[in-house]
Amino acid sequence: MTDTYDTLLIERHEEGYAVVTLNRPEALNALNSALFADLAAFLDVVEHDDSVRCLILTGSGDKAFAAGADIKEMADQSYAQMYKANFFSHGHDRITRFRKPIIAAVNGFALGGGCELAMLCDFIVASDRAKFGQPEINLGVAPGIGGSQRLTRLVGKSKAMDMVLTARMMDAAEAERSGLASRVVPHETLMEEVRKIAAKIAGHSPLAVMANKEMVEAALETTLTQGVQFERRLFHSLFAFDDQKEGMAAFVEKRKPVFTGR
Ligand code: CO8
């Protein structure tokens with residue numbers, strides 16, 4: 001397996017996770033079609049690779065996670081070109097179909113498409129230097145990779161309106177306070193902290209991890225009653241797996257469980 005991409009750096013770790021680094025530092029990791037194609041291709045590769053049970057997504061360099069969609073690539077596009085290519089929908093949809101957890105390690109600017117990409121991940125751990133924003137209005141446009149919807153669900157209407165209409169940036173502390181980031185850590189220890197989180201997730205039963213992710217995702221798409229019913233049925237189904245027997249037996253026997261993903 002080569003794991004070689006023009007726009008991504010891939011690092012696999014024996015604890016069961018991989019670090020995916022957006023690697024266009026000269027453009028503050030701006031997201032272009034090639035990058036989304038690479039990311040979709042890598043997700044295809046690791047979706048069925050049992051040695052990778054969690055991903056970390058981060059940006060190269062010290063300044064940005066991603067400073068947005070690539071403005072230079074978009075600037076001269078016509079409506080017909082955008083419509084025909086269904087611009088960025090493939091990348092967006094591929095990420096939403098990915099069944100293993102993705103942690104966004106936001107190491108600097110996460111603006112426009114960069115903020116949207118971070119929100120497409122399962123949760124965001126921010127460096128204390130991170131800055132989040134949806135500044136598309138400055139360019140005469142608007143969010144286009146789900147930002148108006150996901151930001152509103154995460155931080156509520158008032159803050160989302162404030163962000164998209166004024167283009168102001170949120171710092172890491174406000175992002176955590178508002179529910180956009182799950183944790184803020186010192187910039188210098190961001191990757192160390194996120195690696196620990198990824199290793200912890202990778203150590204759980206991969207089936208239980210998948211089910212937990214699926215349940216929380218359902219909360220955004222269903223009524224409470226439907227969501228609780230979905231959770232209950234999925235909970236019951238976990239009793240079909242060896243990992244449930246092992247997890248509960250290990251607790252009773254006061255030992256560490258050995259999960260096999262079966
Ligand atoms: N696209 C392309 N290039 C970029 C981008 C970008 N989004 N952001 C930065 N760069 C490039 C700069 O052009 C510059 O390149 P060069 O050296 O060749 O001039 C290099 O990165 C460094 O950037 P700066 O010199 O500007 O660095 P500063 O530290 O001065 O500023 C900022 C950092 C504040 C992050 C600044 O770069 C900035 O404002 N960037 C643009 C932020 C932005 O507007 N993002 C939103 C983009 S639009 C978007 O994301 C829409 C998403 C929806 C797409 C939907 C499709 C369906």
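For the subset of segment 123-139 comprising residues that are of a type outside the set (A, V, I, L, M) and open to solvent by less than 70 Å² (accessible area, probe 1.4 Å), which member is nearest to the chain's Cα centre (by Cα)? Ranking the candidates gives F123 first.
Taking every residue in segment 18-47 that is basic (K, R) and pairing it with any residue that is in a helix (DSSP H, G or I), at least 6 positions away or on another chain, yields no pair with a Cβ-Cβ distance below 6 Å. Number of residues in segment 159-178 that are open to solvent by 40 Å² or more (accessible area, probe 1.4 Å) and either among the aliphatic types (A, V, I, L, M) or not in a helix (DSSP H, G or I) (or both): the value is 6. Test R94 against the stated conditions and say whether it is over 16 Å from G144 (Cα atoms), of a type outside the set (A, V, I, L, M) and at pLDDT 95 or above. For R94, the condition - over 16 Å from G144 (Cα atoms), of a type outside the set (A, V, I, L, M) and at pLDDT 95 or above - is not met. The combined condition, being away from the ligand (no atom under 12 Å from the Cβ) and under 17 Å from L39 (Cα atoms), is not fulfilled by I124. Filtering segment 92-102 for residues that are open to solvent by less than 20 Å² (accessible area, probe 1.4 Å) and within 13 Å of the ligand (Cβ to nearest atom) leaves an empty set. Looking across segment 149-158 at every residue that is in contact with a helix residue (DSSP H, G or I) (Cβ under 6 Å, 6 or more places away or on another chain) and of a type in the set (A, V, I, L, M, F, W, C), the one that is most open to solvent (accessible area, probe 1.4 Å) is identified as V155.
Screening segment 59-91 for residues that are in contact with a strand residue (DSSP E or B) (Cβ under 9 Å, 6 or more places away or on another chain) and over 18 Å from I145 (Cβ atoms) and picking the one that is farthest from the ligand (Cβ to nearest atom) gives S60. So which residues in segment 142-158 are assigned to a helix (DSSP H, G or I) and under 15 Å from L111 (Cβ atoms), if there are any at all? Within segment 142-158, G147, S148, R150, L151 meet the criteria. Does at least one position in segment 60-79 carry a residue that is open to solvent by 60 Å² or more (accessible area, probe 1.4 Å) and of a type in the set (G, A, S)? Yes, the conditions are met somewhere in segment 60-79.
Residues considered: L43, L35. Of these, the only one that is assigned to a helix (DSSP H, G or I), over 18 Å from V141 (Cβ atoms), more than 16 Å from the ligand (Cβ to nearest atom) and open to solvent by less than 40 Å² (accessible area, probe 1.4 Å) is L43. Put simply, of E11, E15 the only residue that is surrounded by fewer than 20 Cβ atoms within 10 Å (Cβ to Cβ), under 24 Å from H204 (Cβ atoms) and in contact (Cβ under 8 Å) with a residue 60 or more places away in the chain is E15. Would you call L165 under 30 Å from S237 (Cβ atoms) and at pLDDT 95 or above? Considered against the rule, which asks whether it is under 30 Å from S237 (Cβ atoms) and at pLDDT 95 or above, L165 comes out as no.
The values are calculated or read from the model by the stated rules, or taken from the named source; none is laboratory data. This one's a predicted model, so the numbers in the text were calculated from it and none came from an experiment. Cβ atoms come from the backbone with ideal geometry, glycine included; neighbour counts cover every protein chain shown. Calculation scope for accessible area: heavy atoms of the full protein, side chains included, ligands and nucleic acids excluded. Shrake-Rupley method; radii C 1.70, N 1.55, O 1.52, S 1.80 Å.
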